[in-house]
Every structure is written in C-alpha cells, then in structure tokens.
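Read-outs throughout are calculated quantities, based only on the coordinates presented, and are distinct from any laboratory measurement. Since the model is a prediction, treat every value here as computed from it, not as a measurement. Note: ideal-geometry Cβ built from the backbone for every residue, glycine included; neighbour counts use all protein chains shown.
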Amino acid sequence: MNFVQTVQGSLLENFYPAGWNMEAIDKCCSNPPETIGERQPFWNEAFQLISCNEVEELDVKMGHEIAWQIRQSKLEGRNVAFILPVGPMGMYKWAVYFLKEWNIDCSHVYGFNMDEWSDAEGRTLPPDNKGSFQYAMEQAFYGPLGELTVPVNQRHFATLDSLPTYAAKITNLKAEGAELITVFGIGRMMHIAFWEPHFGAEFTSDEEWSKQTHRIGAQLHPLTIEQNAITSFKSRTTLVPCRANTIGPGLFLQSDKVIGGCDGALGRGMQWQGLSLWTTLRYGPDRWLPSTYMPTLPGKLFYLNELAGPLEADVN
C-alpha cells in the first residue's frame, strides 16, 4: 500500500503538478545508495557528483569551488557572472575565507541573486529586513569580504525593477568574454531558484519553456512554502510569503558552469532532499521537474551521503 495505490479520490489527487509521473519518480528513488554516482546518458560529460560525509565538509567544498572560480577568472583576466542563491548558505563563509587567504579582490565579479520574496505585483521586502534574500547576501558574502568585495553597482537583486534587466546584462557580459556560473540548491519540488514545476503547464513545449528568463510575483507551490518554513523560518509558516520574483531557465540554462549543493538533512535520520536529489540525477530533463536540467550542464553537485538513502521507511 503506497501513494500511487491510494492517491485517487484523496486530498492529494490534484495537489502535485499535473506533469509529474509519480511511478517514474519512485523508480528514481528505489536505486541502491552506492549507485547514485553512476553516470547517466543525459549527464553532461563535465558534470561531476561529489559526496560529502557531513554538512561542514559540503560547506567547505562548495565555498572553495566558488572562490576557485573567482580566482581563476581573475588570473585569466576576465569577468565572471554568478547567479547566486540564498540556500544553501554555509559555503559563503568559506568562499570569503579562501578569497581573503589568496587576497583575491572581486572587482571583476558580477552577482545576480536568483530570487526574492515578493507580493503579487513583484514588490519585495526592504533590503534591511532580516527575511529578505538581499539582507542575507550582504551579511553572508558581500559584507564579510571587506575591501575585496564585489562593487555595489555589480550586485544585482531580484527586485521588480532589477530582475527584468538580468537577461540583457548577462548577455552583454558573456559577449565580452565573461563566464556565467549558477550556484544552486534543489528544492523539495525540484525547482531551481523559485522556478516552480507547475509553470510547465503554461507552455506547449520544452523549447518555449526554456526561453523564459524570469517571472515577477510567481505563485509558489505549497510544499515550497513548507520547505522554507522548516529550513528558514523555524517552522513558522505564517512568516513565509506565498510569492517570489525569480529567474527562469532562460538564464540558468545559459550557464557555462554550475555549482550545486544538497544538504537537506534534518537530524535524527530525517531528511527532506533525498527524493529531490535522486529525481534530479535519474529522471532525465523535463520541464515539469526543473532541476533535472542541471546534470546536463558542466559543473559540480555536492551532496550529503545520507541523502542517497536508502529512501525507505525508518522505524528507529
């Protein structure tokens, strides 16, 4: 007796996106943990999956990778554009640490935050609000870098006025030789940024879907709200906005490299990200599951070993 056998007529029958094949998702999650790194035909040749034993290891490795890419672009004399998340976050203190150790200033770095809480019209929280993503970035990355930091006019946040300008700015930077690197986590709903899976219903083809650069005041899925209530608001659902401004696949699919992180363990054997990780790695590219496109790009995805499972009932 399981979800597929009992969903008909239940309150969840039309809850998940219409394009989700739950049997296929379950098949992705049924593989032995030790097979998670087996390369799939749709993975990019330069896509790497990197295991970590604990969150601290993941934070260091992701932070090092971000700092290394900044260092390399500096040494090569070119600009670099980053699409940046607020979550995972632990890597930023290590990126700051390595950049300071190497004395690499970030005058050549352009930061584009991938999303921000909003209302239906796209109005966002003020930047000094502790719940805003801009506040989090200033506190975790831009501020601690001190004199080495990214120039203020090269920091972009997903506000009503700024987000629609991302596409042209990134196009210009790439035309001038800059690489685009997307740093990302994978949502419970397999979203990238707040580009949600139910948006897939609005498009007749993956090609049309893949051209969408952003969305203002996007409607978030209920499970996205609950994920953020658990991971960012200490379970207090009433603090979580129901909408957000977000980049779309028209931007993150342009990435020259990606740096991903899955650290969704909750302690005492509980986790929320195993299904999302396995589906991303096994399902194959599908607009109803945005994260499934990330293995098609060059780069690295760091993950906690325990997320590999086995994903089955735990009676302990």
* Structure fact -> Checked against the positive end of the charge dipole of the chain (+1 on Cβ of Lys and Arg, -1 on Cβ of Asp and Glu, about the Cα centre), the farthest of His214, Ala175, Val258 is Ala175
* Between Asn14 and Ser205, what is the spin-label point distance in nm, taking each point 7 Å from the Cα along the Cα→C-beta axis? -> 3.0 nm
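Calculate how many DSSP beta bridges within the range 165-316 are antiparallel, expressed in % of all such bridges and rounded to the nearest 5. Show your work: numbers first, answer last.
Numbers: 8 of 17 bridges.
Taking every DSSP beta bridge within the range 165-316, about 45 percent pair in antiparallel fashion.
List the trypsin sites (Lys or Arg not before Pro) within the range 10-89 that DSSP assigns to loop and that have no more than 14 neighbouring Cβ atoms inside 10 Å.
Values: sites: Lys27, Arg39, Lys61, Arg71, Lys74, Arg78; in loops: Arg39, Arg78.
Counting only loop positions with at most 14 other Cβ atoms within 10 Å, the trypsin sites (Lys or Arg not before Pro) in the range 10-89 are Arg39, Arg78.
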* Give the Kirkwood hydrodynamic radius (Å, one decimal) of the chain, defined as one over the mean of 1/r across all pairs of different Cα atoms. => 20.0 Å
* In whole Å and largest first, what semi-axes does the C-alpha gyration tensor of the range 74-119 yield when each eigenvalue is scaled by 5 and square-rooted? -> 23, 15, 7
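Given the peptides 167-173, 181-187, arrange them by the average over their residues of other C-beta atoms within 10 Å, most packed first. Could you put the intermediate results ahead of the total?
Numbers: 167-173: 15.3, 181-187: 24.9.
Answer by packing, highest mean first, reads 181-187, 167-173.
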* To do: In whole Å, largest first, what are the principal axis extents of the Cα atoms in the range 40-154?
  => 41, 38, 28
* Under 5 Å, built H, 5+ apart or other chain: amide partners of Tyr110 -> Val80, Ala81, Phe82
* Of the beta bridges DSSP finds with both residues in the chain, what % are antiparallel, to the nearest 5? -> 35 percent
* To do: Scan around Gly122 for amide H atoms under 5 Å from its own, H built in the peptide plane at 1.01 Å from N, and keep only partners 5 or more places away or cross-chain.
  => Gly217
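Summing +1 for each Lys or Arg and -1 for each Asp or Glu, what net charge is found among the other residues whose Cβ lies under 14 Å from the Cβ of Phe47?
Numbers: positive: Arg39, Lys257, Arg282, Lys300; negative: Glu38, Glu45, Glu65, Asp256.
Taking every other residue near Phe47 into account, the sum is 0.
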* What residue among Asn103, Asn245, Asn79 shows peak mean-square fluctuation when the chain is described by a Gaussian network model with Cα springs under 10 Å? -> Asn103
* Taking neighbour Cβ counts within 10 Å as the exposure measure, how do His221, His64 sort from fewest upward? -> His64, His221
* To do: Quick one: check the C-alpha center-to-center distance for the range 105-145 versus the range 1-23, whole angstrom.
  => 36 Å
* **Residue with peak Gaussian network fluctuation, the chain [Cα springs, cutoff 10 Å], from Pro41, Pro285, Pro241** => Pro41
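Mind putting a number on the dipole of the range 48-307 about its Cα centre? Charges go on the C-beta only, +1 for Lys and Arg and -1 for Asp and Glu, and I need it in Debye to the nearest 20. Intermediate values should be presented prior to the final figure.
Values: 22 positive and 28 negative charges, 27 e Å.
Magnitude of the dipole: close to 120 debye.
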* Extension gain, Glu76 back to Ala313 (0.36 nm per residue minus Cα-Cα distance, nm) -> 80.3 nm
* Asked: DSSP beta bridges in the range 36-156, what fraction antiparallel, as a percent rounded to 5?
  -> 10 percent
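For Ser107 and Ala167, what is the calculated FRET efficiency with R₀ set at 22 Å and r taken between the beta-carbons, to the nearest 0.05? Write down the numbers at each step before the final one.
Working: r = 23 Å, r/R0 = 1.06.
After rounding, the FRET efficiency stands at 0.40.
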* Fewest first, what order do Tyr135, Tyr142 take by the number of other Cβ atoms within 10 Å? -> Tyr135, Tyr142
* If one computes the Cα centroid of the range 272-308 and of the range 155-178, what distance in Å separates the two points? -> 26 Å
* Structure fact -> Among Val152, Ala95, Met190, the residue whose Cα sits farthest towards the positive end of the charge dipole of the range 48-307 (+1 at Cβ of Lys and Arg, -1 at Cβ of Asp and Glu, taken about the Cα centre) is Ala95
* To do: Please arrange Glu202, Glu226 by counting, for each residue, the other beta carbons lying within 10 Å of its beta carbon, fewest first.
  => Glu202, Glu226
